[in-house]
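Q: Take a look at the following structure, please.
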Amino acid sequence: MFGIEDPTTLVLWALAMVTVGAFAGLIAGLLGVGGGIVIVPALYIVLTAVNIDELIRMHVAVGTSLAIIIPTSIISARSHYKRGSVDVPLLKQWGPPLLGGVVVGAFVASLVSGLVLSAIFATIAILVSANMLRGDKGWRAGEALPGQPARGAIAAFIGMISTMMGIGGGTLSVPILTAYSWPIRRAVGTAAAIGVIIAIPGATGFLISGLGADGRPPFTVGYINLIGVALIVPTTMLLAPYGAKLAHTMAPGRLQAAFAIFLGLTALRMWYDVANAMM
């Protein structure tokens, strides 16, 4: 039972959310991932601890994450834009297919179980982490992005999977852009802006699809928990600019390694939860 009326539970919840928000804000600015790669597994663990039904647990984590990363992505994108690391022409090209992918992803997520969403999150994170850890030996697809319609298909894929994972797009767009020879800092900055395009319609989709769902924790609208949003957003907004500043002082190789290591640890934790649920 979600003991929202218990003061001790509220204090512990608040401390957990503030900690998650601080870390997510730094990650958002540093890696251009919108913080979702931190927020989703963290919320999933908290929701598990308070015995929220596993059938909707991941949906609440993903929906809440998408709502949380809206302001974080905006601040991170602005910080990177001021430093000239956002590829505006690419954003204009990718905008429509990204939105199409988000719509499809939100619809599919409303139909599948939370276990499926967890498996998707963990699988993609492991693949991306393994590739990024290879550094300069990582997968290379070419010297430039392909032409249409392949370029649009890549954007739609990023939008769909990112929505189902509850992330801002950096988890996929950063390694894809670097595979096509994008400089890592420009890829990270552009990913922050992509997060804005994904998070707003994605959160709206989870809000609508969760209306009337049974077993949700108190103060949850659709699949968006307002307590999580209220506690995490301020700290992510405060610390995202510092993460973006740090990104421009780190060596590109270290930035890429940090991104890969964090993804790998997150993926292992999520697969642990999936394995337990299958037993």
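Q: Could you say whether any residue in the stretch 63-77 is more than 23 Å from residue 21 (Cα to Cα) and either in contact with a Cys (Cβ under 6 Å, 6 or more places away or on another chain) or surrounded by fewer than 24 Cβ atoms within 10 Å (Cβ to Cβ) (or both)? Reasoning before the result, please.
A: So in the stretch 63-77, the residues more than 23 Å from residue 21 (Cα to Cα) come out as none.
Scanning the stretch 63-77 turns up no residue that is more than 23 Å from residue 21 (Cα to Cα) and either in contact with a Cys (Cβ under 6 Å, 6 or more places away or on another chain) or surrounded by fewer than 24 Cβ atoms within 10 Å (Cβ to Cβ) (or both).
Q: Moving to a separate point now. Any idea which of (1) modelled with pLDDT of 80 or more; (2) in a helix (DSSP H, G or I) is the one residue 52 doesn't satisfy?
A: Of (1) modelled with pLDDT of 80 or more; (2) in a helix (DSSP H, G or I), only one is false for residue 52: (2).
Q: Which condition number does residue 201 fail, the rest of (1) modelled with pLDDT of 90 or more; (2) under 22 Å from residue 29 (Cβ atoms) being met?
A: Residue 201 satisfies all of (1) modelled with pLDDT of 90 or more; (2) under 22 Å from residue 29 (Cβ atoms) except (2).
Q: Something else about it: When both residues are 6+ apart or on different chains and their Cβ atoms are under 7 Å apart, which pairs have a first residue that lies in the stretch 258-279 and is farther than 14 Å from residue 131 by Cα, and a second that is among the aromatic types (Phe, Trp, Tyr)?
A: These pairs meet every condition: 270/121; 273/44.
Q: To continue, here is another question. Considering the stretch 223-279 alone, what residues qualify as being under 18 Å from the mean Cα position of the chain (by Cα) and among the hydroxyl-bearing types (Ser, Thr, Tyr)?
A: Of everything in the stretch 223-279, those that are under 18 Å from the mean Cα position of the chain (by Cα) and among the hydroxyl-bearing types (Ser, Thr, Tyr) turn out to be 223, 235, 236, 266.
Q: Please identify the pairs in which a residue from the stretch 104-117 that is under 13 Å from residue 223 (Cα atoms) has its Cβ atom under 9 Å from the Cβ atom of a residue that is among the charged types (D, E, K, R) and not in a helix (DSSP H, G or I), counting only partners at least 6 apart or on another chain.
A: Sorted first by the residue in the stretch 104-117, then by its partner, the pairs are 114/53.
Q: Still on this structure: Determine which single condition residue 190 fails, assuming it passes every other condition in (1) within 16 Å of residue 27 (Cβ to Cβ); (2) crowded, with 17+ Cβ neighbours inside 10 Å.
A: Tallying (1) within 16 Å of residue 27 (Cβ to Cβ); (2) crowded, with 17+ Cβ neighbours inside 10 Å, residue 190 fails exactly one: (1).
Q: Also, I was wondering about something else. Go through (1) in a helix (DSSP H, G or I); (2) more than 16 Å from residue 191 (Cβ to Cβ) one by one and return the number of the condition residue 249 breaks.
A: Of everything listed in (1) in a helix (DSSP H, G or I); (2) more than 16 Å from residue 191 (Cβ to Cβ), residue 249 misses just condition (1).
Q: Right, something else. Can residue 231 be described as farther than 24 Å from residue 125 by Cβ, assigned to a helix (DSSP H, G or I) and out of contact with any Gly (no Cβ under 6 Å at 6 or more places or on another chain)?
A: Numbers: farther than 24 Å from residue 125 by Cβ: yes; assigned to a helix (DSSP H, G or I): yes; out of contact with any Gly (no Cβ under 6 Å at 6 or more places or on another chain): yes.
Here the answer is yes, as residue 231 does meet what is asked.
The values are calculated or read from the model by the stated rules, or taken from the named source; none is laboratory data. These numbers come from a predicted model, not from an experiment. As a convention, Cβ positions derive from the backbone with ideal geometry for all residues, glycine included, and neighbour counts pool all protein chains shown.
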